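Written below as structure tokens is the structure these notes are about.
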Amino acid sequence: MTRTAAFGQAGQEPGRQVVLLGVALTLTAVAVDVLLVGSLTLFFDLCFLALCLGLAALVRRQDFYLVALLPPVLMVVVFAFVSLVARDAIADPRDSILQAVVSGVATHGIALFVGYALCLGWLGWRLHRKGDLASELERELA
């Protein structure tokens, strides 16, 4: 198999599996960062960026919409979970849950913006890539 053929095989995973993978990998990055440092740092931000790009590369064409909405929802849901379990990792321990989620999203907003832009850009590139639709139809008919 050539490198081009392997690259063409990317993007065949169902949307539900990609979402579950995204949740699992984000929680893993949070757990590693909190266990090593005690709070969310640049490590989490970089993992989130790579994750957004990777999820956009894995999803099949029929489920683009699901992954296009995933990065902001994923970050808010993960921060809500973290605010329930270890609030001091993203905010002051005395903050309410909502205040901790808002504080976490505000603190990691640049990672959210860049990750979302990478995700949408990669999905857009895959959507408009010349020959991709023809090869997709060919694979489905075969």
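Bear in mind these aren't lab numbers, they're just calculated from the coordinates by the rules spelled out. Values in this document were obtained by computation on a predicted structure and should not be read as measured data. Cβ sites come from the backbone with ideal geometry, for glycine too, and all protein chains shown count toward neighbours.
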Query raised in the report: Of all residues in segment 47-58, which are free of Cβ contacts under 8 Å to residues at least 24 places away in the same chain and either outside any helix (DSSP H, G or I) or of a type in the set (A, V, I, L, M) (or both)?
Result: A50
Requested in this report: Report, by residue number, each residue of segment 20-52 that is more than 12 Å from the chain's Cα centre (by Cα) and within 14 Å of F79 (Cα to Cα).
Outcome: T28, V30, A31, D33, V34, S39, L40, T41
Query raised in the report: Restricting the search to segment 21-41, which residues are of a type outside the set (V, I, T) and in a helix (DSSP H, G or I)?
Result: L21, G22, A24, L25, L27, A29, A31, D33, L35, L36
